[in-house]
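Enquirer: This is the structure I want to talk about, given as C-alpha coordinates.
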Amino acid sequence: MAIYAKKMLFILSKSTLDSVYAAFIMANGARMEGIEAEIFFTFFGLEAIHKEKMKKLRIPTVGNPGMHMPTLLGALPGMEAFATKMMMKKMEELDIPPVDEFLEILAASGVKLWACKLAVEMFGYKREDFIDDLEGILTVGDFYHRIDKEHTHIIFI
Amino acid sequence: MEKQYGNYTVHTDPEGYLTDFNEWNEDVARAIAAEHGIELTDKHWEVIRYLQDKYRKGEPLSIRGIKKSGVVDIKEFYSLFPGGPLKISTKIAGIPKPKSCL
(Lines give C-alpha, C1' and ligand atoms only; values in the text may rest on other atoms or scores of the structure.)
Protein backbone atom coordinates (compact mmCIF):
# COMPACT_ATOMS: atom_id res chain seq x y z
CA MET A 1 0.00 0.00 0.00
CA ALA A 2 1.43 3.38 -0.97
CA ILE A 3 1.89 5.96 1.76
CA TYR A 4 1.84 9.54 0.53
CA ALA A 5 3.95 10.87 3.37
CA LYS A 6 7.69 10.63 2.94
CA LYS A 7 8.78 13.62 4.93
CA MET A 8 7.03 15.71 7.59
CA LEU A 9 8.18 19.23 8.38
CA PHE A 10 6.84 20.78 11.56
CA ILE A 11 6.94 24.48 12.36
CA LEU A 12 6.64 25.03 16.10
CA SER A 13 5.79 28.66 16.88
CA LYS A 14 4.55 28.30 20.46
CA SER A 15 6.15 27.45 23.77
CA THR A 16 3.11 26.12 25.62
CA LEU A 17 3.61 22.50 26.61
CA ASP A 18 0.59 21.24 24.71
CA SER A 19 1.97 22.66 21.45
CA VAL A 20 5.52 21.50 22.11
CA TYR A 21 4.39 17.95 22.83
CA ALA A 22 2.12 17.94 19.79
CA ALA A 23 5.15 18.67 17.58
CA PHE A 24 7.42 16.19 19.38
CA ILE A 25 4.95 13.31 19.39
CA MET A 26 4.03 13.83 15.73
CA ALA A 27 7.70 14.01 14.69
CA ASN A 28 8.62 10.93 16.70
CA GLY A 29 5.57 9.10 15.32
CA ALA A 30 6.71 9.86 11.79
CA ARG A 31 10.17 8.41 12.40
CA MET A 32 8.65 5.32 13.97
CA GLU A 33 6.79 4.75 10.71
CA GLY A 34 9.93 5.21 8.66
CA ILE A 35 8.95 8.74 7.58
CA GLU A 36 11.54 11.54 7.70
CA ALA A 37 10.81 14.39 10.12
CA GLU A 38 12.23 17.83 10.88
CA ILE A 39 11.16 20.60 13.26
CA PHE A 40 11.66 24.32 12.60
CA PHE A 41 11.45 26.28 15.84
CA THR A 42 10.33 29.87 15.45
CA PHE A 43 9.10 32.68 17.68
CA PHE A 44 8.15 31.37 21.13
CA GLY A 45 8.73 27.84 19.90
CA LEU A 46 12.46 28.61 20.29
CA GLU A 47 12.02 28.27 24.05
CA ALA A 48 11.61 24.52 23.61
CA ILE A 49 15.24 24.22 22.46
CA HIS A 50 16.64 26.97 24.71
CA LYS A 51 18.75 25.27 27.41
CA GLU A 52 17.32 27.37 30.27
CA LYS A 53 13.84 28.31 29.08
CA MET A 54 12.91 24.72 28.20
CA LYS A 55 12.83 23.96 31.93
CA LYS A 56 10.05 26.48 32.49
CA LEU A 57 7.51 25.58 29.82
CA ARG A 58 3.92 25.70 31.03
CA ILE A 59 0.37 24.66 30.29
CA PRO A 60 -1.65 27.86 29.88
CA THR A 61 -4.53 28.19 32.37
CA VAL A 62 -5.72 31.54 31.03
CA GLY A 63 -7.28 31.83 27.58
CA ASN A 64 -7.32 28.06 27.25
CA PRO A 65 -10.93 26.82 26.99
CA GLY A 66 -9.63 23.24 27.14
CA MET A 67 -8.81 23.73 30.81
CA HIS A 68 -12.50 24.32 31.62
CA MET A 69 -11.42 26.81 34.25
CA PRO A 70 -12.86 30.31 34.82
CA THR A 71 -10.39 32.92 33.55
CA LEU A 72 -10.09 34.62 36.93
CA LEU A 73 -9.34 31.32 38.65
CA GLY A 74 -6.74 30.43 36.02
CA ALA A 75 -5.05 33.77 36.63
CA LEU A 76 -4.43 33.07 40.33
CA PRO A 77 -0.77 32.86 41.32
CA GLY A 78 0.60 29.34 41.15
CA MET A 79 -2.32 28.02 39.09
CA GLU A 80 -0.27 27.53 35.92
CA ALA A 81 2.54 25.84 37.82
CA PHE A 82 0.01 23.56 39.50
CA ALA A 83 -1.69 22.61 36.22
CA THR A 84 1.70 21.99 34.64
CA LYS A 85 2.82 19.80 37.52
CA MET A 86 -0.37 17.73 37.31
CA MET A 87 0.06 17.24 33.59
CA MET A 88 3.74 16.31 33.86
CA LYS A 89 2.84 13.72 36.48
CA LYS A 90 0.22 12.20 34.21
CA MET A 91 2.67 12.18 31.30
CA GLU A 92 5.33 10.46 33.37
CA GLU A 93 2.76 7.76 34.18
CA LEU A 94 2.21 7.28 30.45
CA ASP A 95 6.01 7.13 29.96
CA ILE A 96 6.05 10.36 27.93
CA PRO A 97 9.55 11.82 28.32
CA PRO A 98 10.18 15.35 29.64
CA VAL A 99 11.16 17.99 27.07
CA ASP A 100 14.96 17.67 27.34
CA GLU A 101 14.90 13.87 27.14
CA PHE A 102 12.35 13.97 24.32
CA LEU A 103 14.69 16.21 22.30
CA GLU A 104 17.52 13.68 22.81
CA ILE A 105 15.25 10.90 21.57
CA LEU A 106 14.18 12.94 18.53
CA ALA A 107 17.78 13.80 17.59
CA ALA A 108 18.90 10.18 18.03
CA SER A 109 15.95 9.10 15.89
CA GLY A 110 17.17 11.27 13.04
CA VAL A 111 14.76 14.20 13.45
CA LYS A 112 16.54 17.34 12.28
CA LEU A 113 16.04 20.33 14.58
CA TRP A 114 16.33 23.84 13.15
CA ALA A 115 16.01 27.34 14.63
CA CYS A 116 14.49 30.24 12.68
CA LYS A 117 17.13 32.89 11.98
CA LEU A 118 14.83 35.90 12.17
CA ALA A 119 13.28 34.81 15.46
CA VAL A 120 16.73 34.06 16.94
CA GLU A 121 17.81 37.60 16.04
CA MET A 122 14.58 39.11 17.31
CA PHE A 123 14.97 37.55 20.75
CA GLY A 124 18.72 38.19 20.78
CA TYR A 125 19.61 34.52 21.25
CA LYS A 126 22.96 32.95 20.41
CA ARG A 127 23.78 29.48 19.08
CA GLU A 128 25.15 28.45 22.48
CA ASP A 129 21.81 29.27 24.14
CA PHE A 130 20.37 26.25 22.37
CA ILE A 131 20.81 22.51 22.83
CA ASP A 132 23.84 20.88 21.20
CA ASP A 133 21.56 18.69 19.10
CA LEU A 134 20.34 21.72 17.16
CA GLU A 135 21.24 21.10 13.52
CA GLY A 136 21.50 24.77 12.60
CA ILE A 137 19.87 28.16 12.20
CA LEU A 138 17.94 28.63 8.97
CA THR A 139 16.18 31.38 7.06
CA VAL A 140 12.65 30.70 5.89
CA GLY A 141 14.03 30.21 2.39
CA ASP A 142 16.54 27.62 3.62
CA PHE A 143 13.71 25.83 5.37
CA TYR A 144 11.66 25.58 2.17
CA HIS A 145 14.68 23.93 0.57
CA ARG A 146 14.23 21.11 3.09
CA ILE A 147 11.32 20.11 0.84
CA ASP A 148 13.63 18.04 -1.33
CA LYS A 149 11.31 15.19 -2.27
CA GLU A 150 7.75 14.45 -3.25
CA HIS A 151 5.19 13.76 -0.55
CA THR A 152 6.66 16.22 1.91
CA HIS A 153 4.14 17.93 4.17
CA ILE A 154 4.40 21.03 6.35
CA ILE A 155 2.45 21.33 9.58
CA PHE A 156 2.27 24.61 11.48
CA ILE A 157 1.80 24.36 15.22
CA MET B 1 -4.13 -15.35 7.29
CA GLU B 2 -1.75 -18.23 6.65
CA LYS B 3 1.80 -17.66 5.56
CA GLN B 4 4.52 -20.05 4.55
CA TYR B 5 8.10 -19.46 5.73
CA GLY B 6 10.33 -22.31 4.54
CA ASN B 7 9.01 -25.44 6.23
CA TYR B 8 6.78 -23.55 8.61
CA THR B 9 3.19 -22.42 8.21
CA VAL B 10 2.28 -19.52 10.48
CA HIS B 11 -0.85 -17.44 11.08
CA THR B 12 -0.63 -13.68 10.76
CA ASP B 13 -2.81 -10.59 10.82
CA PRO B 14 -3.20 -8.58 7.57
CA GLU B 15 -0.03 -6.64 8.34
CA GLY B 16 2.03 -9.80 8.72
CA TYR B 17 2.30 -9.96 12.52
CA LEU B 18 2.14 -13.46 13.96
CA THR B 19 -1.16 -14.04 15.74
CA ASP B 20 0.23 -16.96 17.75
CA PHE B 21 3.64 -16.45 19.32
CA ASN B 22 4.01 -20.24 19.73
CA GLU B 23 4.43 -20.49 15.95
CA TRP B 24 7.53 -18.29 16.12
CA ASN B 25 11.02 -19.74 15.78
CA GLU B 26 14.39 -18.45 14.67
CA ASP B 27 13.95 -19.61 11.07
CA VAL B 28 10.64 -17.76 10.83
CA ALA B 29 12.34 -14.68 12.29
CA ARG B 30 15.10 -14.87 9.67
CA ALA B 31 12.52 -15.17 6.90
CA ILE B 32 10.46 -12.18 8.12
CA ALA B 33 13.67 -10.16 8.48
CA ALA B 34 14.68 -11.06 4.93
CA GLU B 35 11.35 -9.68 3.69
CA HIS B 36 12.47 -6.35 5.13
CA GLY B 37 15.95 -6.67 3.65
CA ILE B 38 17.50 -7.37 7.05
CA GLU B 39 20.06 -10.06 7.79
CA LEU B 40 19.98 -10.81 11.51
CA THR B 41 23.21 -10.26 13.44
CA ASP B 42 23.96 -11.03 17.09
CA LYS B 43 22.84 -7.49 17.98
CA HIS B 44 19.50 -8.03 16.22
CA TRP B 45 18.97 -11.21 18.24
CA GLU B 46 19.78 -9.40 21.45
CA VAL B 47 17.09 -6.81 20.67
CA ILE B 48 14.59 -9.48 19.61
CA ARG B 49 15.08 -11.37 22.88
CA TYR B 50 14.66 -8.14 24.83
CA LEU B 51 11.37 -7.40 23.02
CA GLN B 52 10.08 -10.93 23.59
CA ASP B 53 11.00 -10.73 27.25
CA LYS B 54 9.00 -7.48 27.59
CA TYR B 55 6.09 -9.11 25.77
CA ARG B 56 6.07 -12.14 28.08
CA LYS B 57 6.01 -9.82 31.08
CA GLY B 58 3.12 -7.88 29.53
CA GLU B 59 5.10 -4.63 29.58
CA PRO B 60 4.31 -2.05 26.88
CA LEU B 61 7.01 -1.16 24.36
CA SER B 62 8.03 2.39 23.54
CA ILE B 63 11.01 4.21 22.09
CA ARG B 64 11.79 5.56 25.56
CA GLY B 65 11.82 1.99 26.85
CA ILE B 66 14.36 1.11 24.17
CA LYS B 67 16.49 4.05 25.29
CA LYS B 68 16.42 2.81 28.89
CA SER B 69 16.83 -0.86 27.95
CA GLY B 70 20.62 -0.93 28.10
CA VAL B 71 20.45 -3.35 25.14
CA VAL B 72 20.66 -0.86 22.30
CA ASP B 73 20.64 2.92 21.92
CA ILE B 74 18.10 4.70 19.74
CA LYS B 75 20.49 5.51 16.91
CA GLU B 76 21.61 1.90 16.64
CA PHE B 77 18.01 0.68 16.93
CA TYR B 78 17.08 2.77 13.88
CA SER B 79 20.06 1.48 11.94
CA LEU B 80 19.38 -2.16 12.84
CA PHE B 81 15.75 -1.97 11.74
CA PRO B 82 15.49 0.76 9.09
CA GLY B 83 12.08 2.02 7.99
CA GLY B 84 10.21 1.92 11.32
CA PRO B 85 12.29 0.21 13.98
CA LEU B 86 9.71 -0.80 16.56
CA LYS B 87 7.11 -2.02 14.10
CA ILE B 88 9.64 -4.07 12.11
CA SER B 89 11.51 -5.49 15.11
CA THR B 90 8.29 -6.61 16.79
CA LYS B 91 7.16 -8.31 13.59
CA ILE B 92 10.46 -10.23 13.41
CA ALA B 93 10.16 -11.07 17.11
CA GLY B 94 6.73 -12.60 16.49
CA ILE B 95 4.93 -10.32 18.92
CA PRO B 96 2.06 -7.85 18.31
CA LYS B 97 2.66 -4.42 16.81
CA PRO B 98 2.92 -1.86 19.65
CA LYS B 99 -0.27 0.15 20.08
CA SER B 100 1.37 3.19 21.65
CA CYS B 101 1.80 6.54 19.83
CA LEU B 102 5.30 6.78 21.29
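Enquirer: In degrees between 0 and 90, to the nearest 10, how far off the longest principal axis of chain A does helix A:79-93 point, with axes built from Cα atoms?
Expert: 60 degrees
Enquirer: State which stretch of chain B is the longest one without any exposed GluC sites (Glu not before Pro), exposure meaning a DSSP loop state and at most 13 other Cβ atoms within 10 Å.
Expert: Longest stretch, sites excluded: B:40-102.
Enquirer: Roughly how large is the A-B contact in terms of buried accessible area, totalled over both chains, probe 1.4 Å, nearest 100 Å²?
Expert: 1500 Å²
Enquirer: Using unit Cβ charges (K, R positive; D, E negative) and no other charged atoms, how large, in debye to the nearest 20, is the dipole of segment B:2-93 about its Cα centre?
Expert: Dipole magnitude for segment B:2-93 comes out near 500 debye.
Enquirer: Sticking with this one: Projected onto the charge dipole of the protein assembly as shown (+1 at Lys/Arg Cβ, -1 at Asp/Glu Cβ, origin at the Cα centre), which of A:Tyr21, B:Ala93, A:Gly66 gives the Cα projection farthest towards the positive end?
Expert: Of the listed residues, the answer is A:Gly66.
Enquirer: Then there's this: Taking a 21 Å limit on the Cα-Cα distance, which of the listed pairs A:Lys149/B:Lys87; A:Lys149/B:Lys43; A:Lys6/A:Lys53; A:Lys14/A:Lys53; A:Lys7/B:Lys3 fall beyond it?
Expert: Pairs exceeding the cut-off: A:Lys149/B:Lys87; A:Lys149/B:Lys43; A:Lys6/A:Lys53; A:Lys7/B:Lys3.
Enquirer: Between segment A:27-49 and segment A:93-133, what's the alpha-carbon centroid distance in Å?
Expert: Answer, in whole Å: 9.
Enquirer: Now a separate question. Relative contact order for segment B:1-59 using alpha-carbon pairs under 8 Å, separation at least 6, rounded to a whole percent?
Expert: 19 percent.
Enquirer: To continue, here is another question. At a threshold of 8 angstrom on Cα-Cα distance, excluding pairs fewer than six apart, so keeping six or more, what relative contact order does chain B reach in percent?
Expert: This gives 30 percent for chain B.
Enquirer: Now for a different question. A:Val62 accessible area, nearest 10 Å², 1.4 Å probe?
Expert: About 70 Å², rounded to the nearest 10.
Enquirer: Whose amide H sits under 5 Å from the amide H of A:Arg58, counting only residues 5 or more places off or on another chain, with H placed in the peptide plane?
Expert: A:Leu17
Enquirer: Once phi is turned into θ = phi - 60°, what whole-Hz ³J(HN,Hα) does the Karplus curve with 6.51, -1.76 and 1.60 give for every residue of segment A:19-31, x standing for Gly and Pro?
Expert: Along segment A:19-31, the couplings run 6, 4, 5, 4, 5, 5, 5, 5, 5, 4, x, 5, 4 Hz.
Enquirer: Now, a different point. With heavy atoms of protein chains only and a 1.4 Å probe, what residues of segment B:48-76 have at least 30 Å² less accessible area in the full set of chains than alone?
Expert: Listed by number, the residues meeting the 30 Å² cut-off are B:Ile63, B:Arg64, B:Lys67, B:Ile74, B:Lys75.
Enquirer: Compare the Cα positions of A:Met32, A:Pro77, A:Phe10 along the charge dipole of segment A:7-80 (+1 at Cβ of Lys, Arg; -1 at Cβ of Asp, Glu; about the Cα centre) and return the one farthest towards the positive end.
Expert: With unit charges placed on the Cβ atoms, the residue in question is A:Pro77.
Enquirer: What residue among B:Pro14, B:Pro60, B:Pro82 shows peak mean-square fluctuation when chain B is described by a Gaussian network model with Cα springs under 10 Å?
Expert: B:Pro14
Enquirer: How large, in percent, is the carbon and sulfur part of the accessible surface of chain B at a probe radius of 1.4 Å?
Expert: Carbon and sulfur together cover 49 percent of it.
The values are calculated or read from the model by the stated rules, or taken from the named source; none is laboratory data. The structure presented is a predicted model; accordingly, all values stated were derived computationally and were not measured. When we count neighbours, we look across all protein chains shown, and the Cβ atoms used for this are built from the backbone with ideal geometry, even at glycine. Areas reflect the complete protein model, heavy atoms only, side chains present, ligands, DNA and RNA absent. Shrake-Rupley method; radii C 1.70, N 1.55, O 1.52, S 1.80 Å.
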